[in-house]
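For reference, the structure is listed below as structure tokens.
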Amino acid sequence: MIDQNLLDAIKSYSENMTRPITFVMGSGEHSKRAELIEFLNKIAGTTDKINFDSTVTDDALPSPISFKVHSHIDGTLSDTGIVFSGIPGGHEFTSLILAILQAGGHTLKLDEGIQKLVKRFKKPLQFQTYVSLSCHSCPEVVQALNQFALLNDDISNEMIDGALFQEQVDANNIQGVPAVFLNGKPFANGLIDTAKLIQKLQDQYPDLLAEADDDAEQLEQQDVTIIGAGPAGVAAAIYTARKGLKVTMVADRIGGQVKDTQDIENLISVPLITGTQLSANFEKHLNEYNITLKEHVSVKKIDETVEENYSIHLNTGETFETRSIILATGAQWRKLGVPGEDENIGKGVAFCAHCDGPFFKGKEISVVGGGNSGVEAAIDLAGIVKHVTVLEFADDLKADQVLINKAKEKDNIEFITSAATQEVKATDGKVSSIVYQDRNTGETHERDLAGVFVQIGLMPNTDFIKGFVDLNRFGEIEIDARCRTDRKGIFACGDVTTVPFKQINIAMGEGSKAALSAFDYLVMQ
């Protein structure tokens, strides 16, 4: 299950631990219990900083294949609040390694402002995160909540491998991952970054926070603040930092939408790279410069100061001033806006074929959208599901011909054009059909299926900036040829703007241009 290279890596990583940790398993019998014991024994065998004795059990753990991570603090065994139910292989192996290292005293990945905020949470928060080991988005949520647990004794998080706990998955009507439950109730579904987790908690519990520390250190005035860390934001940060400016980047996560992309084949000079790899390259390049990075943080609002600078208010409660701003907040998946869509997200309505496809093995599903993302999703799903129906609103598919040709080679993909989706229906808490109208004849059709994957493009992330800078009717930020908005000292770039063709190469160029324009503006002040 674990090859020697991974074991050697664990041994190397353990050198960063400042205190030992101990695994403690639940009691009882299970067909996978012996496999889990072997898995944990191999990990513990790499270093004396990781302890495990399968004869020592905890009856309070939820299953015979659940285990806790305990930390040794000042000679006392301390419960970290981190539980894994199942064998965390696949993408979740990284979540386990990080939990070991961080429980063992290694530095947390969360921004300092987020850490201070989580420590102020004053309500018991028991998270359960259902995952698929093949889901590349799940670890981000698991790892964030595990860190919350390490920071606050009132917080716990249990990672649950849905494949091994099918009864729970069925009982909770889960058809998409990650599926997060809080104190026994549904809380979040699908990829949700740390900043949005924090916001949902604050929205759900207005009295969540203890009093703030009024003496907390605030960030000094910045020359440029870049909001967003996709291709445009990263390019803007690097270009401004190279000019010797004082730069802060505020972002939910480095990479943005790129991080969710599988294969990228049109990045000039790079024949093939994954979104995960490119995002890692972004972070590596950013770290070469003196950039203050506030990751996993979001901007709540922007105010203009008396000195014609701007005040940035973060969701952590922090506020700081900046002389200029580059908006590079990108875009998010666009929704259909039809009855039954929002109500059934995670119950048959999904946005990520790679993450949620395995839940629909052998079933009938539909992909709404005949552009590149929709046809690519159909091709991915065709190898898993029984049949894929692609519904396209326009009279013709909008995807590249090479993708259309590849999809037509699959005998279980069907295309229906001129189809306007009207409704997603559910039965007993799960999607059961989709209703669409033939735009040519006006006739309405209903097709039985188990899942609907929405792939109809992107929507700009401009909610927090509405009314502050000019937007077009699509919600995109209006800019000129130099990436200037209608407000002095505020620039914008990438997918969030009116620039056509939402492509990585274009976003990088626009980010570079916005940075140079911001530099010229600051020099002339």
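The values are calculated or read from the model by the stated rules, or taken from the named source; none is laboratory data. Quick caveat: nothing in here was measured; it's all calculated off a predicted structure. Every residue, glycine among them, receives a Cβ derived from its backbone with ideal geometry; neighbour counts consider all protein chains shown. The protein model used for the area step is the full one, side chains on, heavy atoms only, and it has no ligands, DNA or RNA in it. Shrake-Rupley method; radii C 1.70, N 1.55, O 1.52, S 1.80 Å.
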TODO: Report, by residue number, each residue of the range 480-525 that is open to solvent by less than 10 Å² (accessible area, probe 1.4 Å), over 28 Å from the mean Cα position of the chain (by Cα) and within 14 Å of residue 238 (Cβ to Cβ).
DONE: 518
TODO: Please specify each residue of the range 70-80 satisfying the condition of being in contact with a strand residue (DSSP E or B) (Cβ under 9 Å, 6 or more places away or on another chain) and more than 17 Å from residue 154 (Cβ to Cβ).
DONE: 70, 72, 77
Open item on the list: Just to check your reading of the model, which residue among 410, 488, 513 is closer than 30 Å to residue 259 by Cα and assigned to a loop (DSSP other than H, G, I, E, B)?
Closed with: 410
TODO: Return yes or no: is residue 239 more than 20 Å from residue 465 (Cα to Cα) and part of a loop (DSSP other than H, G, I, E, B)?
DONE: no
Task: Leading residue by the ranking (surrounded by the most Cβ atoms within 10 Å (Cβ to Cβ)) among those in the range 6-27 that are hydroxyl-bearing (Ser, Thr, Tyr) and not in a helix (DSSP H, G or I) - done: 22
Task: Residues being within 29 Å of the chain's Cα centre (by Cα) and either open to solvent by 60 Å² or more (accessible area, probe 1.4 Å) or of a type in the set (Phe, Trp, Tyr) (or both) - total across the range 28-49 - done: 1
Open item on the list: Which residue is least open to solvent (accessible area, probe 1.4 Å), if the candidates are limited to the range 308-346 and must be without any contact (Cβ under 8 Å) to a residue 12 or more places away in the chain and not in a strand (DSSP E or B)?
Closed with: 337
Open item on the list: Checking the structure you have, find out if any residue of the range 192-213 is part of a helix (DSSP H, G or I) and of a type in the set (Asp, Glu).
Closed with: yes
TODO: Quick one: which residue in 378, 350, 382 is touching a residue at least 24 places away in the same chain (Cβ under 8 Å) and either in contact with a Phe, Trp or Tyr (Cβ under 8 Å, 6 or more places away or on another chain) or open to solvent by 70 Å² or more (accessible area, probe 1.4 Å) (or both)?
DONE: 350
TODO: Confirm whether residue 158 is in contact (Cβ under 8 Å) with a residue 24 or more places away in the chain, closer than 28 Å to residue 206 by Cα, in a strand (DSSP E or B) and acidic (Asp, Glu).
DONE: yes
Open item on the list: Exactly one condition in (1) in contact with a helix residue (DSSP H, G or I) (Cβ under 6 Å, 6 or more places away or on another chain); (2) without any contact (Cβ under 8 Å) to a residue 60 or more places away in the chain; (3) of a type in the set (Gly, Ala, Ser) is false for residue 184; which is it?
Closed with: (1)
TODO: Search the range 328-339 for residues being touching a helix residue (DSSP H, G or I) at 6+ places or on another chain (Cβ under 6 Å) and of a type in the set (A, V, I, L, M), and hand back the single one that is modelled with the highest pLDDT.
DONE: 328
Open item on the list: Anything in the range 171-197 that is over 25 Å from residue 115 (Cα atoms), open to solvent by less than 20 Å² (accessible area, probe 1.4 Å) and of a type in the set (A, V, I, L, M, F, W, C)? List them, or say none.
Closed with: 174, 177
Open item on the list: When the residues of the range 357-369 are narrowed to those that are part of a helix (DSSP H, G or I) and open to solvent by less than 10 Å² (accessible area, probe 1.4 Å), which ends up modelled with the lowest pLDDT?
Closed with: 357
Task: Restricting the range 287-304 to residues that are within 24 Å of residue 488 (Cα to Cα) and of a type in the set (Ser, Thr, Tyr), the residue that is least open to solvent (accessible area, probe 1.4 Å) - done: 298
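Which of the residues that make up the range 484-517 are among the charged types (D, E, K, R) and under 25 Å from residue 272 (Cα atoms)?
495, 502, 510
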TODO: Output the residues belonging to the range 216-274 that are surrounded by fewer than 15 Cβ atoms within 10 Å (Cβ to Cβ) and out of contact with any Phe, Trp or Tyr (no Cβ under 8 Å at 6 or more places or on another chain).
DONE: 216, 217, 244, 262, 263, 265, 266, 268, 269, 270, 271, 272
Open item on the list: Suppose the filter is of a type outside the set (Lys, Arg) and modelled with pLDDT of 95 or more; does residue 456 pass it?
Closed with: no
Task: Matching residues, the range 82-100, being within 14 Å of residue 150 (Cα to Cα) and buried (at least 22 other Cβ atoms within 10 Å of the Cβ) - done: 82, 83, 95, 96, 99, 100
- [ ] Scan the range 79-91 and give yes if some residue there is out of contact with any Lys or Arg (no Cβ under 9 Å at 6 or more places or on another chain) and of a type in the set (A, V, I, L, M), otherwise no.
- [x] no
Open item on the list: Just checking, does the range 445-458 include any residue being more than 27 Å from the chain's Cα centre (by Cα), within 30 Å of residue 308 (Cα to Cα) and open to solvent by 60 Å² or more (accessible area, probe 1.4 Å)?
Closed with: no
Task: Scan of the range 427-463 for residues that are of a type in the set (Ser, Thr, Tyr) and assigned to a strand (DSSP E or B), ordered by number - done: 427, 432, 433, 436, 444
- [ ] State whether one or more residues within the range 195-214 are at pLDDT below 90 and in contact with a His (Cβ under 6 Å, 6 or more places away or on another chain).
- [x] yes
TODO: Looking only at the range 117-138, decide whether some residue is open to solvent by 10 Å² or more (accessible area, probe 1.4 Å), in contact with a Gly (Cβ under 9 Å, 6 or more places away or on another chain) and outside any loop (DSSP other than H, G, I, E, B).
DONE: yes
